[in-house]
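Q: Can you keep this structure in mind? I'll have questions shortly.
The values are calculated or read from the model by the stated rules, or taken from the named source; none is laboratory data. Worth saying up front: this structure is predicted, and the values here are computed from it rather than measured. Glycine also receives a Cβ, built like all others from the backbone with ideal geometry; neighbour counts cover every protein chain displayed.
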Amino acid sequence: MIINDVAVHEELTAAFARYEQALVSNDVAVLDELFWQSEHTIRYGGGENLYGAAEILAFRNARPSAGLERSLSRTVITTYGSDYGTASTLFSRDSAPGKTGRQMQTWVRMEDGWRVVAAHVSVVDTTA
């Protein structure tokens, strides 16, 4: 198995960047597109446990659309073979001083492109 094949890594990096842009601009249609449309898709968030694409979409439609801007750091994207990868990043928001967000996504190449099949988002106190 090839880890971080250059072409595959570039593809997943682009998909991750597209996801991030959709997230901070609250482009729910793109966010929904980039999550696998399956009852097997899972997203654990800061205050919610979402099972299936329908629950994830309902959450996205109900959340506030303001204050989504954030800064990323320590982003690590790793691909395994040509159809599987992970994206992990830390994030901070001006609206949450003293807090560090953590986001991990599992991506799989489906027939219609790269899709998130599992995601975890949590926030912890920032350490000195």
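Q: Among the residues of the stretch 13-28, which ones are closer than 17 Å to Thr106 by Cβ and of a type in the set (Asp, Glu)?
A: Glu20
Q: Name the residues in the stretch 93-123 that are surrounded by 12 or more Cβ atoms within 10 Å (Cβ to Cβ), within 12 Å of Leu34 (Cα to Cα) and not small (Gly, Ala, Ser), would you?
A: Gln105, Thr106, Trp107, Val108, Arg109, Met110, Trp114, Arg115, Val116, Val117
Q: Any idea which of Thr86, Thr126 is within 25 Å of Ile3 (Cβ to Cβ), surrounded by 12 or more Cβ atoms within 10 Å (Cβ to Cβ) and not hydrophobic (A, V, I, L, M, F, W, C)? First the steps, then the outcome.
A: Numbers: Thr126 fails: within 25 Å of Ile3 (Cβ to Cβ).
On inspection, the qualifying residue turns out to be Thr86.
Q: Does Val6 meet the test of being over 18 Å from Val108 (Cβ atoms) and modelled with pLDDT of 95 or more?
A: yes
Q: If Thr106 satisfies every condition in (1) out of contact with any strand residue (DSSP E or B) (no Cβ under 9 Å at 6 or more places or on another chain); (2) more than 17 Å from Glu10 (Cβ to Cβ) but one, which is the exception?
A: The number of the failed condition is (1).
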